[in-house]
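In what follows, a single structure is set out as structure tokens and then discussed.
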Amino acid sequence: MTESFELRLKSIPLNNGRGRMPAVGFGTLIPDPAVTRTATRDALEAGFRHFDCAERYQNEREVGEALQAGLAACGIAREEIFVTTKLWNSNHRPERVAPAFAASLARLRLDYLDLYLIHTPFAFQPGDDQDPRDENGNILYDPGVTLLETWKAMESLVERGSCRALGLSDITLEKLLPLYESARIKPAAVQVESHPYLPETELLEFCKEKGIAFLAFAPLGHGARPGPLEDPVITAIAARVGKTPAQVLLAWAVQRGTALLTTPKSAARARENFNISPLPQDAFDEINGIQIRQRLNPVVQTGVPGFIPRGTPA
Ligand SMILES: NC(=O)c1ccc[n+]([C@@H]2O[C@H](COP(=O)([O-])OP(=O)(O)OC[C@H]3O[C@@H](n4cnc5c(N)ncnc54)[C@H](OP(=O)(O)O)[C@@H]3O)[C@@H](O)[C@H]2O)c1
């Protein structure tokens, strides 16, 4: 087994003793339904075994179709893949949790989920409108439900057996701590923006201490240019080690002990983004030494998704 093989097949044990999360994950935040299908299939064929979905992305149906067809065609068993989806902000009321979960499961054509996340800690006005706003365009939040009440409803899903693990997304350490203390079923994963410009070191240390999988979204800085993909430290290392800047950023994320989500939209990019290999220690240290700090996605502050392609539902 080569080192490269080991890095891309690395997985993180879940703190509930129920399996492992493959470190290199495929994110399905893709606006176009046809591209969702082809990209999901390409990712599966390139070797991705971790798929990140959300009801908010409004494409669980296409992901489900692609996974069902891809698993059958490639002879891959359901147990060999790890599938996550997320409860959206307008479904935080406890009575809305089980129906939202069941609807996601049906769209994804699955009979269990490996991980169910609260998409953001911000409750929006309950209902089927994912983006409820007042006449001035301001988001309508829901002061009538707490994060812990939503979490308790999620715990019932685990007890009923169709959900293996729970977690939170777009969460800060400050909000995670009280929930962690009160939760009967401890969070198994957190999903947050993270890349060399936003290493989230304190949150990562807490997660490592508690055995919580830290799942980095935007490991390529959402593709922003300028951004991590064009950072001179990253491009110089890429040239030195004979890898692309994307492969350097993804390898760094896995090497520091996080899982990651990336969204290649073609077969060639899927192979590129999956085919990562360990960085030499000096290169790893150089990336840790980058001083720029930049958050690209404001969702963690408001619950309103940012950096989403214009005109898309997510
Ligand atoms: N929890 C949350 O609130 C939240 C928020 C955002 C995302 N997510 C999850 O995280 C996933 C990943 O986020 P992301 O898509 O922003 O991550 P990303 O991989 O950091 O960024 C994707 C961008 O990078 C570009 N790209 C991909 N592979 C590349 C390569 N090999 N070389 C150069 N550019 C490359 C893409 O370009 P093209 O468009 O040209 O392909 C796209 O613009 C999402 O799909 C979703 O599942 C979660």
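The values are calculated or read from the model by the stated rules, or taken from the named source; none is laboratory data. Note that the structure is a prediction, hence the values are computed from the model and not measured. With ideal geometry, Cβ positions are generated from the backbone for all residues, glycine too; neighbour counts draw on all protein chains shown. Ligands, DNA and RNA are excluded from the accessible area calculation, which covers all protein heavy atoms including side chains. Shrake-Rupley method; radii C 1.70, N 1.55, O 1.52, S 1.80 Å.
Summary of computed values
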{"read-out": "Count - residues of segment 43-64 that are open to solvent by 10 Å² or more (accessible area, probe 1.4 Å), more than 17 Å from Glu80 (Cβ to Cβ) and either under 16 Å from the mean Cα position of the chain (by Cα) or in contact (Cβ under 8 Å) with a residue 60 or more places away in the chain (or both)", "value": "4"}
{"read-out": "Subset tally (residues that are more than 9 Å from the ligand (Cβ to nearest atom) and either among the hydrophobic types (A, V, I, L, M, F, W, C) or under 14 Å from Ala43 (Cβ atoms) (or both)) for segment 271-282", "value": "5"}
{"read-out": "Among residues of segment 91-104, those that are under 19 Å from the mean Cα position of the chain (by Cα) and either surrounded by fewer than 20 Cβ atoms within 10 Å (Cβ to Cβ) or small (Gly, Ala, Ser) (or both), counted", "value": "2"}
{"read-out": "Hey, Thr263 within 24 Å of Asn89 (Cβ to Cβ), within 12 Å of the ligand (Cβ to nearest atom), surrounded by fewer than 15 Cβ atoms within 10 Å (Cβ to Cβ) and in contact (Cβ under 8 Å) with a residue 60 or more places away in the chain or not", "value": "no"}
{"read-out": "Residue in segment 290-297 that is closer than 21 Å to Lys10 by Cβ, free of Cβ contacts under 8 Å to residues at least 60 places away in the same chain and out of contact with any Pro (no Cβ under 7 Å at 6 or more places or on another chain) present", "value": "no"}
{"read-out": "Identity of the residue in segment 232-260, of a type in the set (D, E, K, R) and not in a helix (DSSP H, G or I), that ends up farthest from the ligand (Cβ to nearest atom)", "value": "Arg256"}
{"read-out": "Filter result (more than 6 Å from the ligand (Cβ to nearest atom), within 13 Å of the chain's Cα centre (by Cα) and outside any strand (DSSP E or B)) within segment 213-229", "value": "none"}
